[in-house]
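Single-structure report; data block below.
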Amino acid sequence: MFMRLKLLAITTVMLFVTAPASSQEVLNISSWAPPTHLINAGVWPTWGKWIEEATDGRVTTKIEYGLASPLKQFELVRDGVADAAWIFHGYNTRYVATQAVEMPNLGTSAEAASVAYWRVHQKYLAKADEHKGVTLVGLTSHGPAVIQTKSPLNSLDDLRGQKIRVPGGVGSSVGKALGVTAVKLPAPKVYEALSTGVADGIFMPMETQKSFRLKEVVPHVTIMPGGLYYGSFAFIMNNDFLAGLSENDRNAIIGVSGEKLSQLAGEHWDAADVDGLAAAKEAGTTINTASAEIHKKYLEIMASVEQDWVASVGKAGVDGKAALEELRSIARSY
């Protein structure tokens, strides 16, 4: 009897140890843009496929909508309500180092900007520790922002006093330097603000002519050579979710993130800008490029913004001048 019980116990232990793991982890992603937006329609699904393949199906992803406003996504992930999310840095003033990629006149694609941004962040900007409380798994920038207005724009002075929606970060510094009356609200609210007269115009990339249907409410687009500014976003994950995975699965997720995820997002921003331009032209939007004279004047106006940023991040131990030089070098030679 004793031997039979002993053999049963040993068999049970062996089955427990050798049985293949059948549990599957679902990585819940919070997103705040419409399901049709490039991040939700392209970036998250592709990243999810990479994760599922890299973990042999042990980790899958699911996108959740409406969990919190765009401004609360960081806290949502930090507190474990969601396992991952994407955030726009301009919505919160605590992000300063991340403004490196936002500076005007980078003059590259979103893909080049995003890859350069990730590399420079890891080398320089991470010292500021602005994502403390979560795990940073990717960085990206939208393409060059453009000026979108209800009335034609003949000079920068035409913007003075106009109610312009600004995004935060360097985009808001642009508005201040140009003397606009700033309207601050999250991206999902811009169509309503423009259609109801709350705003006369907006600073956003070309893709929004289609993705946010701005072709219906702002019929004039002015392109600033080199980019009015760029936009900084991060992909973040909950620390406890990652810690709860096996080392192999944790490494697998990190392996398909970082620069790989950043590049993917940049590619999608660029494709969306192409689609946005086509939609704008089809809708009859007037599209002009600022003259060399206006461009020169704009850069002169914005020079102090860059200088102030370098001084500000220096207080956090970041060599802002070197970071900007390297970011531009990588992006422009990409």
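The values are calculated or read from the model by the stated rules, or taken from the named source; none is laboratory data. All values derive from a computational prediction rather than experimental measurement. All Cβ positions, even for glycine, are placed from backbone atoms using ideal geometry, and neighbour counts span all protein chains on display.
Computed values, structure above
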| quantity | calculated |
| --- | --- |
| Condition met for S246 (within 18 Å of the chain's Cα centre (by Cα) and not assigned by TED's automatic domain parsing to the domain that holds G175) | no |
| Candidates T208, T181, T196, filtered to the one that is in the same structural domain as T149 (by TED's automatic domain parsing) and within 22 Å of D273 (Cα to Cα) | T208 |
| From the options I236, I202, residue that is out of contact with any His (no Cβ under 6 Å at 6 or more places or on another chain), surrounded by 22 or more Cβ atoms within 10 Å (Cβ to Cβ) and not assigned by TED's automatic domain parsing to the domain that holds E306 | I236 |
| Selection within the range 131-163 - without any contact (Cβ under 8 Å) to a residue 40 or more places away in the chain and either in contact with an Asp or Glu (Cβ under 7 Å, 6 or more places away or on another chain) or closer than 24 Å to L228 by Cβ (or both) | N154, D157, D158, R160, G161, Q162, K163 |
| Residue match in the range 288-300 (condition: assigned to a helix (DSSP H, G or I), more than 24 Å from Y117 (Cβ to Cβ), in contact with a Leu (Cβ under 7 Å, 6 or more places away or on another chain) and not hydrophobic (A, V, I, L, M, F, W, C)) | yes |
| Candidate set from the range 113-128 (those that are crowded, with 20+ Cβ neighbours inside 10 Å and touching a Gly at 6+ places or on another chain (Cβ under 7 Å)); member that is nearest to V318 (Cα to Cα) | W118 |
| Criterion violated by G179 - all others in (1) on the phi > 0 side of the Ramachandran plot; (2) exposed (fewer than 14 other Cβ atoms within 10 Å of the Cβ) satisfied | (2) |
| Residues located in the range 126-157, provided they are farther than 21 Å from S172 by Cα and β-branched (V, I, T) | V134, T135, V137 |
| Qualifying residue in the range 257-264 (condition: more than 28 Å from D79 (Cβ to Cβ) and either surrounded by 13 or more Cβ atoms within 10 Å (Cβ to Cβ) or at pLDDT below 95 (or both)) | yes |
| Selection count, the range 122-145, where residues are farther than 16 Å from G90 by Cβ and in contact with a strand residue (DSSP E or B) (Cβ under 7 Å, 6 or more places away or on another chain) | 5 |
| Condition broken by W269, with the remaining ones in (1) more than 25 Å from A54 (Cβ to Cβ); (2) crowded, with 16+ Cβ neighbours inside 10 Å; (3) not acidic (D, E) satisfied | (1) |
| Residue check for T181: farther than 19 Å from Q73 by Cβ and free of Cβ contacts under 8 Å to residues at least 60 places away in the same chain | yes |
| When residues of the range 142-156 are limited to those that are in contact with a Gly (Cβ under 8 Å, 6 or more places away or on another chain) and more than 19 Å from E216 (Cα to Cα), the one surrounded by the most Cβ atoms within 10 Å (Cβ to Cβ) | H142 |
| Residue check, A278 of a type in the set (A, V, I, L, M, F, W, C), surrounded by fewer than 18 Cβ atoms within 10 Å (Cβ to Cβ), out of contact with any Gly (no Cβ under 9 Å at 6 or more places or on another chain) and assigned by TED's automatic domain parsing to the domain that holds V217 | no |
